[in-house]
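Notes follow the structure.
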Amino acid sequence: MSHIVIIGCGTAGLTASATIRKARRDVEVTVISSEHYPAYSRCGLPFFLSGEVGKIESLLAHPLRYYDMMKIKLLLDTEAVDVDTSSKKVICKGAFNSEVKYDKLILATGSKSFVPPIPGRELEGIYNSRTIGDYIKIKQEAEEDKRALIVGGGLVGVEVASCLREVGVEVYLVEALPSLLPTLLDPDMASIVETRLKDAGITIYTNTKVEEFLGDNHISSAKIADKKIDVDFVVMATGMRPEVTLAKKIGVELGERGGISVDSKMRTSVRDVYAAGDCVEAYDPLICRPTLHQLATTAIRQAQVAALNAIGEHVLYPGSLGSAVTKVLDLEVGVTGLTMSAAEREGFKVLSAVATGSTRPEYIPGGKKVKVKLTVSAWDGRILGGQIVGGEGVAKEINLLSIAIMKGMSVFELSQAETCYAPCVADVWEPLILAAENGVKKLRR
């Protein structure tokens, strides 16, 4: 019987194991994880802080009996410290302190928190924002203390800041770049989010770095922009890096961004070793080269491809646009493809197509404002990306837009799309289509 070993039990590891088992019952599957918990939703962790997620255990994808039922051998609290690729053995340390033989290996080692070298970072009361353990400690701090500093204004930092503010914590949010959500939104769209956070009472410092953490044993204050701010605890949300320690050790080739390099079948440079998830650099069809899209949806699609190819099928990964969505207080924020600034860095000549609208007509109560911004190729009108900020329905609009981009649609084509209308459900003027129409007007000038 063929034996496939998966290192990592996050989104990619779980998806790979389930994909193999659903396709084949005659393959042995073993999943090795250094964590104490089986696969869980990391994306849901910030919302545990606000109480929207009641019990941390509810974030578990499946109970332990699921793995038994699926005949997936799960080794928790076990670190894969080395792999002998010639004899095809994984050397383990921890709860399972032995070797595991494999026929095919899938690396789903995920990512790790990046913590900048800020003086005082070793003080107690400073937490990463990666694991269940991290968030249990943060929630305990939030229940006891009322002043928090969030370092990093990306997706996780903004989510944590808004969730802590919802439970009455005084929040300071610091971002080193000129605007919040810098990899997701252009500054004009990010300003909508920043204004909403400020209105909620969050103090925001952009274009600013934390210079030092101060305290005896426990954090008591932080030096920011020549000011000393008193805080009770700190959450580090300064980004993630691919976890490639094991991959480098066994000679797997890495890409320019530090992730594992794979082909369209998710195969690495080492024979019979595949990779998927946050640890991987994979193809982006807009820029025509590999990049990092550390998202759960990307991990799922990559893991499915890796798993099916590991059992002998022929499946190709089509690439990822980096589609993402979140909720910040009462605002929904979504993005897919390239922002204007990212497109310009890649050498595209672009124009923006912007529209604002409502999810319902003005005479129907409950309608929410929505702003749409499209990144459009000035050469042929092709849609290269989109950003949407509004009160509701953003995820579905982003999903629609990602399909349009993957199919190579232009604003000319999107502007002609037929949309539905009923006053209690949707306005007759669809903001996404209005943005496309504005793009057409710009191109015709």
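Values in this text are rule-based calculations from the coordinates and carry no lab data. This structure is a prediction, so every number in the text was calculated from the model and none was measured. Please note: Cβ atoms are built from the backbone with ideal geometry, for glycine as well, and neighbour counts cover all protein chains shown.
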Stretch K248-K349 to full length: gain in nm at 0.36 nm per residue minus the Cα-Cα span?
32.6 nm
Semi-axes in Å, largest first, for region 61-181 (Cα gyration tensor, √(5λ)) are 37, 18, 14
Enter the per residue convex hull volume of region 126-236, computed from alpha-carbon coordinates, in Å³ rounded to the nearest integer.
93
For a protection proxy built on the mean count of beta-carbon atoms within 10 angstrom, sort 331-344, 13-26, 189-202 highest first, please.
331-344, 13-26, 189-202
Determine, from the Cβ-Cβ distance of V115 and T356 and an R0 of 60 Å, the FRET efficiency 1/(1 + (r/R0)^6), rounded to the nearest 0.05.
0.95
Using Cα centres only, tell me the gap between region 250-308 and region 360-396 in whole Å.
31
Förster radius 22 Å - calculated FRET efficiency between H62 and K101 (Cβ-Cβ, nearest 0.05)
0.30
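Exposure proxy check: V328, V5 ranked by fewest other beta carbons within 10 Å?
Numbers: V328 22, V5 25.
Fewest-to-most ranking of V328, V5: V328, V5.
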Environment charge at K442 (Cβ cut-off 15 Å; Lys +1, Arg +1, Asp -1, Glu -1)
+4
Residue-normalised 222 nm signal for the chain, counting each DSSP H run of n ≥ 4 as -39,500 (n - 2.57), nearest 500 deg cm²/dmol, is -8000 deg cm²/dmol
Length added when fully stretched, D77-L123, from 0.36 nm per residue minus Cα-Cα:
13.9 nm
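Only bridges with both residues in region 126-236 count here: give the DSSP antiparallel percent, nearest 5. Don't skip to the answer; put the middle values down first.
Values: 8 of 22 bridges.
Beta bridges within region 126-236, antiparallel portion: roughly 35 percent.
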Sort 422-433, 32-43 by packing, meaning the average of other beta carbons within 10 Å per residue, with the highest value first.
32-43, 422-433
Dimensions in Å of region 330-444 - Rg and Dmax from alpha carbons
13.7, 45
What is the extension gain from K227 to T419, computed as 0.36 nm multiplied by their sequence separation minus the C-alpha to C-alpha distance, in nm to one decimal?
63.9 nm
Can you tell me the order of 152-161, 174-183, 312-321 when each peptide is scored by its average per-residue count of other Cβ atoms within 10 angstrom, highest first?
152-161, 174-183, 312-321
Give the percent of DSSP beta bridges with both residues in the chain that are antiparallel, rounded to the nearest 5.
60
